[in-house]
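Asks: I am attaching a structure below and will ask some questions about it afterwards.
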2 protein chains.
Amino acid sequence: MSELGIFETIFSTRSLRRLKPDPVPDAMIHKILDAAIRAPSGGNNQNWRFLVVKSPEVKKQIQDVYLKGWRDVQGMYKSRKAPEHLGEERLGRILDAATYLAEHMNEVPVLLVACLKAPPMPADIAARLGRLSGSSIYPAVQNVLLSCRALGLGATLTTVASLYDEEMQAVLGLPKDVSTYALIPIGYPRGKFGPVQRMSVEEVTCVDRWGQAFTGK
Amino acid sequence: MSELGIFETIFSTRSLRRLKPDPVPDAMIHKILDAAIRAPSGGNNQNWRFLVVKSPEVKKQIQDVYLKGWRDVQGMYKSRKAPEHLGEERLGRILDAATYLAEHMNEVPVLLVACLKAPPMPADIAARLGRLSGSSIYPAVQNVLLSCRALGLGATLTTVASLYDEEMQAVLGLPKDVSTYALIPIGYPRGKFGPVQRMSVEEVTCVDRWGQAFTGK
């Protein structure tokens with residue numbers, strides 16, 4: 001079987017949050033992780049660490065942390081208007097699917113947790129790097145999502161559980177310098193892959209300075 | 001021409017830091033950005049904003065900020081040992097290429113700056129989300145890198161300039177709620193694409209809890 005094309009994959013990788021409980025072979029998870037670690041990381045440090053969670057007990061504990069974070073995030077969404085480009089109805093559908101995922105998290109065959117081990121660095125640089133630290137893990141996570149799509153597996157990037165990172169560290173037995181950055185539920189999808197709808201490039205791009213239109217065609 | 005396969009692309013997307021000054025067509029940049037915005041973003045907010053910098057004057061100003069950040073980072077690397085999996089020689093080669101890039105930044109045809117507009121949210125969630133905010137921009141950046149590779153363009157993910165984000169905001173005329181997260185120099189490569197060397201999956205993966213080996217084959 002020839003592999004899916006790069007753009008075909010990118011343009012059809014939607015978040016799939018309704019997953020079947022059927023098991024996913026370890027060999028597929030291995031292939032997904034082997035693709036993940038081809039992503040860049042700062043200074044090629046490769047401080048990413050991954051946990052492949054399949055134990056029902058650990059999944060249940062993760063779900064408890066997730067539900068706690070999800071209640072915080074749900075409250076936030078309910079307290080504000082939907083972004084204009086989405087509208088209340090479309091946002092509502094996303095939130096419904098996310099709630100479904102939260103409530104069925106323990107039935108998902110594989111919960112992949114992506115972590116970063118903090119490298120030693122001066123405090124002043126560490127403070128300025130905080131929001132940039134994800135540059136050494138989320139590119140790998142995107143490779144995970146694309147690989148899942150290419151292998152016919154549903155997945156979605158979530159950060160909700162990491163709002164309670166200390167509880168996640170306890171559940172997973174992580175050392176203090178290893179923090180969770182993403183939880184990616186992986187399984188065969190109930191829904192379908194399909195074209196990803198977005199605002200246009202022109203709506204989010206400028207040339208040279210803010211406010212100068214980019215057309216590019 | 002059929003497009004490159006997804007895994008073939010992922011496994012050969014190396015950071016290419018030595019780039020030719022030859023111009024890159026706007027249509028290619030448009031295609032790259034069209035792929036970028038298929039990535040996920042928290043709540044599908046699509047708060048990413050991109051600046052396509054081609055003006056020699058703006059490039060020079062960005063280079064000045066970059067060089068300042070690069071001196072900080074270089075100092076950090078010089079003050080500590082190379083990670084074991086790299087060794088001093090391999091790290092030295094990476095640092096040499098990065099220094100070359102910093103010194104030739106103004107000659108790179110396109111500097112793509114990836115930004116995030118901070119969504120309104122309660123302060124307590126914002127504080128916990130800080131290090132997680134990159135989850136809504138770095139997946140898009142990874143799509144940029146993979147698309148460049150597929151189109152035969154060299155690129156690399158850098159965060160050095162964002163150490164001085166306020167200066168970048170001034171150079172690019174960004175509103176206060178828009179921060180830079182990555183600077184991706186894009187151009188035709190002097191070097192070659194090739195297999196990406198990494199530690200093995202087994203070295204960075206556990207099953208269920210920290211310390212439990214994953215083999216997956």
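The values are calculated or read from the model by the stated rules, or taken from the named source; none is laboratory data. Computed from a prediction, not measured in an experiment: that's the story for all the values here. Positions of Cβ are backbone-derived with ideal geometry, glycine not excepted, and every protein chain shown enters the neighbour counts. Only protein heavy atoms, including side chains, enter the accessible area calculation; ligands, DNA and RNA are left aside. Shrake-Rupley method; radii C 1.70, N 1.55, O 1.52, S 1.80 Å.
Asks: Taking a label point 7 Å out from Cα toward Cβ, give me the nm distances from A:Lys60 to the same spot in the other copies, shortest first, one decimal.
Replies: Nearest to farthest, the other copies are at 6.7 nm.
Asks: Between A:Lys20 and A:Glu166, 0.36 nm times their residue separation minus their Cα-Cα distance comes to what?
Replies: So the chain would gain 49.6 nm between A:Lys20 and A:Glu166.
Asks: Something else about it: Report, in listed order, any pair from B:Lys54/B:Lys117; A:Lys31/B:Lys59; B:Lys54/B:Lys192 with a Cα-Cα distance greater than 29 Å. Mind showing how you got there, number by number?
Replies: Numbers: B:Lys54/B:Lys117 22 Å; A:Lys31/B:Lys59 39 Å; B:Lys54/B:Lys192 24 Å.
Distance filter (> 29 Å) returns A:Lys31/B:Lys59.
Asks: May I pose another question? May I ask you to derive the relative contact order of chain A, considering only C-alpha pairs under 8 Å and at least 6 residues apart, and to give it as an integer percent? Could you put the intermediate results ahead of the total?
Replies: Values: 301 pairs, mean separation 80.8, N = 217.
With pairs under 8 Å counted, the relative contact order is 37 percent.
Asks: Let me ask you something else. List the lysines whose Cα lies under 17 Å from the Cα of B:Lys60, skipping any in the same chain that are fewer than 8 positions away.
Replies: Qualifying lysines at Cα under 17 Å: B:Lys20, B:Lys68.
Asks: When each copy gets a label point 7 Å from Cα toward the beta-carbon at A:Pro23, what are the spacings between them in nm, shortest first?
Replies: 5.9
Asks: About the Cα centre of the protein assembly as shown, what is the dipole size in debye to 20, counting +1 per Lys and Arg Cβ and -1 per Asp and Glu Cβ, all else neutral? Don't jump to the answer; show the numbers that get you there.
Replies: Values: 54 positive and 44 negative charges, 49 e Å.
Roughly 240 debye, rounded to the nearest 20.
Asks: Can you list the aspartates and glutamates whose alpha carbon is less than 18 Å from that of A:Lys81, not counting same-chain residues fewer than 8 positions off?
Replies: Those aspartates and glutamates meeting the cut-off are A:Asp72, A:Glu89, A:Asp96.
Asks: Just to check I understand the Karplus step: with θ = phi - 60° and J = 6.51 cos²θ - 1.76 cosθ + 1.60, what whole-Hz values come out for segment B:61-75, glycine and proline as x?
Replies: Residue by residue, segment B:61-75 yields 5, 5, 4, 4, 5, 4, 4, 5, x, 5, 4, 4, 5, 4, x Hz.
Asks: Let me ask another. Please give the solvent-accessible surface of A:Trp48 in Å², to the nearest 10, using a probe radius of 1.4 Å with every protein chain present.
Replies: Surface open to solvent at A:Trp48 totals about 0 Å².
Asks: Could you please state, rounded to a whole Å, how far the C-alpha centre of segment A:132-164 is from the C-alpha centre of segment A:8-62?
Replies: If we compute the Cα centre of each part, the gap is 7 Å.
Asks: Can you order the peptides A:199-207, A:132-140 by their average number of other Cβ atoms within 10 Å per residue, highest first? Don't jump to the answer; show the numbers that get you there.
Replies: Working: A:199-207: 17.7, A:132-140: 26.2.
Sorting A:199-207, A:132-140 by mean packing, highest first, produces A:132-140, A:199-207.
Asks: Next question, about the same structure. So for chain B, what are the equivalent ellipsoid semi-axes in whole Å, largest first, each being the square root of 5 times an eigenvalue of the Cα gyration tensor?
Replies: Calculated on Cα positions only, the semi-axes equal 26, 24, 21 Å.
Asks: Separate question: Please compute the modelled spin-label separation between A:Lys117 and A:Tyr77, points set 7 Å along Cα→Cβ, answer in nm with one decimal.
Replies: Distance between the two pseudo-spin positions: 3.6 nm.
Asks: Rounded, prolate or oblate: which fits the protein assembly as shown when a ≥ b ≥ c are the square roots of the eigenvalues of the alpha-carbon gyration tensor, with rounded for a/c under 1.5 and prolate only if a/b beats b/c?
Replies: Because its axes are fairly even, with a/c under 1.5, the protein assembly as shown counts as rounded.
Asks: I'd like to know which of A:Ser162, A:Ser41, B:Gln142 lies farthest towards the positive end of the charge dipole of the protein assembly as shown, counting +1 on Cβ of Lys and Arg and -1 on Cβ of Asp and Glu.
Replies: Result: B:Gln142.
Asks: Considering the zone a paramagnetic label at A:Ala126 would reach in this model (a point 7 Å from Cα along the Cα-to-Cβ line), which residues of segment B:111-139 have amide N under 15 Å from it?
Replies: It comes to B:131, nothing else.
Asks: Report, as an integer, the average count of C-beta atoms from other chains found within 10 Å of each Cβ along B:193-204.
Replies: Neighbouring Cβ atoms belonging to other protein chains average 4 per residue here.
Asks: Among A:Leu174, A:Pro185, A:Val73, which residue has its Cα positioned farthest towards the positive end of the charge dipole of segment A:6-204, with +1 placed on the Cβ of Lys and Arg, -1 on the Cβ of Asp and Glu, and the dipole taken about the Cα centre?
Replies: The Cα lying farthest towards the positive end belongs to A:Pro185.
Asks: Quick check: pseudo-label points 7 Å beyond the Cα along Cα→Cβ at A:Glu103 and A:Lys54, how many nm apart are they?
Replies: 2.8
Asks: Here is a further query. For A:Ala97, place a label point 7 Å out from Cα along the Cα→Cβ vector, do the same in each other copy, and report the separations in nm, one decimal, smallest first.
Replies: Nearest first, the other copies' label points are 3.7 nm away.
Asks: While we're on this one: How many nm is it between the label spots at A:Ala213 and A:Asn45, if each spot is 7 Å from the Cα in line with the beta carbon?
Replies: Those two pseudo-labels are separated by 4.3 nm.
Asks: Given +1 on the Cβ of Lys and Arg, -1 on the Cβ of Asp and Glu, and no further charges, what dipole in debye does chain B carry about its Cα centre, rounded to the nearest 20?
Replies: 220
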